[in-house]
Amino acid sequence: MSDSELSNAGDYAALANLQHVACGLYIWEWVSNLDYEFQYFFGKPTRRRWTMWVYVLCRYFTLGFIINLLIVLNTRLSLNCIAWIRFQLLLPYMGILMASFLIVIRAVAIWNRHRVVMVIAVTSLLAQLSILIHSVAIAKAIWDVETQTCVLINNIPTSLPMLSAVFAIDAFQLLVTLVGLYVRREGRGFGMWDLLWKQGLAWLALAAAAELPTVIILTLNLNEALHQLLQTPEVIILALAATSMYRMLTCYSSASCDSPSQDSRTIELGAFRAADVRASRTNCLGNAEHIRTVEIEIQVDREARLA
């Protein structure tokens, strides 16, 4: 075996170890927060929220990606690599799409369903979906006898457009969210405003840290193992961040809230406006009257009372 072949085998071995660690972390987090979904679907009846399905799809698409990846990492039997690689692209990219959807929902709610924001949101999600379909359609993979695994042979044209689009769309939607919060300065000082602002900044930093290195590595076109090095952690980080922030937003009023509270009620979040904004001890964005509100999934403990 030549030095280059040894180096390549070593790269894939290191990649497999990293992927096992990342998969283990996601499975642990997925199981740890399964209670949240059980309480919502099987606990005391609460008001159903359609965005909960986006949250669930994000988690389960990512879980499907993890299972699909573990199959190829831990089997020595020759697989149908074309079928495998298409699932391996479809599942994580759908998970990322659902994570982006959760961000888009915030932007639309904060801007009170402004038509321009809604058009931008729908267009960005459709663009991301179309690139996803294209990536899955052109994917090609072969069984590598040396590494005993399926190898994506056109990683750059398959992955780079999708990951670049994800980074650009996420960054833009987060900026729209932050601008919406900034221009509605009347909401400053309210707990939810602070939470949304901090989460927006955190997600923007996380998106740059998780997505940008992968895009740069793919652009440099170094080697196949390195191209795949950060893609699995990126998908897992984005899915964990989006779902964790969703849970935090729905449970922000209770430090011990682990699931949709059985003793909770749903409130609505309206756009910030100077008129009719009242202070709230429950850390809500505001209780504006006579304005059209946008439903957002916030659970407020019944013991909390508006001042």
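Descriptive notes on the structure:
- For region 51-134, the relative contact order comes to 36 percent (Cα pairs under 8 Å, sequence separation of at least 6).
- Highest mean packing comes first when the peptides 236-249, 85-98, 19-32 are listed by Cβ atoms within 10 Å, giving 85-98, 236-249, 19-32.
- Under 5 Å from the amide H of T149 lie the amide H atoms of D144, each residue being 5 or more positions distant or on a separate chain, with H modelled from the backbone and absent for Pro and chain starts.
- Look at the alpha carbon pairs under 8 Å that are at least 6 residues apart: their mean separation over the length of region 3-256 gives a relative contact order of 25 percent.
- Its Cα gyration tensor gives region 89-153 an equivalent ellipsoid; the semi-axes, largest first and in whole Å, are 36, 12, 5.
- Globularity ratio of region 3-256, using Cα Rg and 2.2 N^0.38 Å: 1.07
- Ranked by the mean number of other Cβ atoms within 10 Å of their residues, highest first, the peptides 63-69, 178-184 come out as 63-69, 178-184.
No value in this document is a laboratory result; all are computed from the given coordinates. Note that the structure is a prediction, hence the values are computed from the model and not measured. Positions of Cβ are backbone-derived with ideal geometry, glycine not excepted, and every protein chain shown enters the neighbour counts.
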